[in-house]
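Taking it in order: structure first as structure tokens, then the write-up.
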Amino acid sequence: RGVRDELTDAYLWNSEENMDSAKLLLEAGKARVAVSVTYYSMYYAALAALYKVGIKCENHGGTIILLERLCGIDAAPLSKAKDERIEQQYYVSAPASETDAAMLIATAEEFNASLRAYMDGLTAKDVETMRMGFKELTGA
């Protein structure tokens with residue numbers, strides 16, 4: 001196990017911790033904050049998937065693009081969660097309902113599980129192909 005595996009595991013741990021926190025926040029009636037924390041659970045899982053192939057991206061929009069273009073992952077749930085997080089963090093006109101937050105948590109659990117399955121199925125050839133694709137995409 002190398003540094004890449006350790007960092008991937010750390011991102012996955014952060015993802016799980018945020019998911020647990022989102023559920024607790026929802027139970028406490030804090031749906032608006034639960035939405036934000038749920039997004040971060042998804043974002044950390046996405047970072048783990050990218051790090052698994054040796055790509056570090058600290059830009060939220062960039063992470064979504066890389067998941068789609070390099071990994072072939074439908075990142076629409078992550079993109080939608082990002083929009084909902086922004087709405088809840090920066091605008092107070094439409095607070096999330098408990099139903100909204102619960103639905104997002106369910107979506108996040110599915111999305112995160114799909115990313116874990118994706119990572120578990122990666123081969124060395126897959127990783128090399130994606131790294132070459134990243135170089136082509138970025139011109140590096």
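Structure data summary
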| read-out | value |
| --- | --- |
| Residue count for segment 84-101, restricted to those that are open to solvent by 90 Å² or more (accessible area, probe 1.4 Å) and under 14 Å from residue 39 (Cβ atoms) | 1 |
| Tally of residues being surrounded by 18 or more Cβ atoms within 10 Å (Cβ to Cβ) and within 18 Å of residue 103 (Cα to Cα) across segment 1-20 | 3 |
| Answer residue from segment 56-78, given it is of a type outside the set (D, E, K, R) and part of a loop (DSSP other than H, G, I, E, B) and is nearest to residue 133 (Cα to Cα) among those | 70 |
| Residue within segment 104-125 that is open to solvent by 60 Å² or more (accessible area, probe 1.4 Å), touching a residue at least 60 places away in the same chain (Cβ under 8 Å) and either among the hydrophobic types (A, V, I, L, M, F, W, C) or under 18 Å from residue 9 (Cα atoms) (or both) present | yes |
| Out of 79, 15, 36, 21, sole residue that is touching a Lys or Arg at 6+ places or on another chain (Cβ under 7 Å) and modelled with pLDDT of 95 or more | 36 |
| First in segment 80-100 and in contact (Cβ under 8 Å) with a residue 60 or more places away in the chain, second anywhere and open to solvent by 80 Å² or more (accessible area, probe 1.4 Å) and part of a helix (DSSP H, G or I), Cβ under 6 Å, 6 or more apart | 95/32; 96/32 |
| Residue that is surrounded by the most Cβ atoms within 10 Å (Cβ to Cβ), among those in segment 39-60 that are of a type in the set (Phe, Trp, Tyr) and at pLDDT 95 or above | 39 |
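The values are calculated or read from the model by the stated rules, or taken from the named source; none is laboratory data. From a predicted model like this one, the values you see are computed outputs, not experimental measurements. We place every Cβ from the backbone using ideal geometry, glycine too, and count neighbours over all the protein chains shown. The protein model used for the area step is the full one, side chains on, heavy atoms only, and it has no ligands, DNA or RNA in it. Shrake-Rupley method; radii C 1.70, N 1.55, O 1.52, S 1.80 Å.
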